[in-house]
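Data block below; observations after.
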Amino acid sequence: MITENFEESGLNDDVSSSEVDSGTATNSPSDDQKRQIASWVNDGMGLSDIQKKINDDFGIVMTYMDVRFLVDDLNLDLIDEEDEEEAADADDNSGDDETAPSPGDPLDDSAGGVQVELDTVTPPGAMASGSVTFSDGQHKKWTLDQFGRLGLTGGEEGYKPSDEDVMEFQKQLDSALRGKGF
């Protein structure tokens, strides 16, 4: 009875099978287009740029995630620009032993300076937390809330770490958080 109503109203006549077939063909790239996309990835182009070029060059509208899945399906590895820059910086600095900090430098990690630790269990309302021991032996707890605000608690009341310790704390905290995926 329902199919009779559709047939009588003419709703089945609105979409032909050729329109459906041609619609799906334009939503995914052809083999030649996939080879072109692979060359863009190998040239170091980012996903958003690839997404734009697919739309501009091929007339295919794909979401960012569709492009990401396509790159994964093609077994292509994206080149991360930050990784390239870090590798280049490491190569540039590999022969610069003369500029290495001396053991007495306050920013030297091995001199018993600032030590940052991350908590394995984060308290409610915090994205991350942990403790810090400054170069003068003072110990504080730190928390980082969901807005990126850093708070220090505990330890000696009224204690203010030196500017060098604060800079080293920020550097080590950034490194520790990046290591945990923040």
Starting from the range 134-147, keep only residues that are not assigned by TED's automatic domain parsing to the domain that holds Met167, then list their pairs with residues that are of a type in the set (Lys, Arg) and exposed (fewer than 15 other Cβ atoms within 10 Å of the Cβ) whose Cβ atoms are within a distance under 7 Å, requiring at least 6 positions of separation or different chains. none
Tell me, please, whether a residue that is at pLDDT 85 or above and either assigned by TED's automatic domain parsing to the domain that holds Val41 or of a type in the set (D, E, K, R) (or both) can be found in the range 115-131. yes
Mind listing whichever residues of the range 52-66 are part of a helix (DSSP H, G or I) and touching a Ser or Thr at 6+ places or on another chain (Cβ under 8 Å)? Tyr64
Apart from one, (1) within 27 Å of Arg178 (Cβ to Cβ); (2) modelled with pLDDT under 75; (3) not polar (S, T, N, Q) all hold for Phe6; the odd one out is (1)
Please state which one of Ala90, Ala111 is hydrophobic (A, V, I, L, M, F, W, C), surrounded by fewer than 10 Cβ atoms within 10 Å (Cβ to Cβ) and at pLDDT below 60. Ala90
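The values are calculated or read from the model by the stated rules, or taken from the named source; none is laboratory data. Here the structure is a predicted model, which is why all the values come from computation and not from measurement. We place every Cβ from the backbone using ideal geometry, glycine too, and count neighbours over all the protein chains shown.
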